[in-house]
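Step one of this worksheet: look at the structure below.
The values are calculated or read from the model by the stated rules, or taken from the named source; none is laboratory data. Just so we're clear, the structure is a prediction, and the values are computed from it rather than from any experiment. Here the Cβ is made from the backbone with ideal geometry for all residues, glycine too, and neighbour counts use every protein chain on show.
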Amino acid sequence: MPAKFKESAKILISRQAKTYKTVHYYLRNTSEEELVSALLSSNTKPKHKQKYRNELVKRGFDLGLINQ
């Protein structure tokens, strides 16, 4: 399974029919702004920070701008 940014969520589509839609938050679908803000957050675990760094490097983002 691909790496996730956060847990998947079930969103209610129709209350009468009780139908739900599952929304997945994969790293590949997350914007660079969200990844950078999560990377700079003090609440993020080191394991997740490394996942975010790897995704940004894969996209060709310059991490030197973040480390300054």
Selection count where residues are loosely packed, with under 10 Cβ neighbours inside 10 Å and either modelled with pLDDT of 95 or more or among the basic types (Lys, Arg) (or both), scope the range 1-10: 2
Residues (among the small types (Gly, Ala, Ser) and touching a helix residue (DSSP H, G or I) at 6+ places or on another chain (Cβ under 7 Å)) located in the range 28-62: 38
Residue check, residue 38 in contact with a Ser or Thr (Cβ under 9 Å, 6 or more places away or on another chain), surrounded by 14 or more Cβ atoms within 10 Å (Cβ to Cβ) and among the small types (Gly, Ala, Ser): yes
Pair list, Cβ < 8 Å and 6+ apart or interchain, from the range 12-28 residues that are within 30 Å of residue 52 (Cα to Cα) to residues that are among the acidic types (Asp, Glu) and part of a strand (DSSP E or B): 25/7
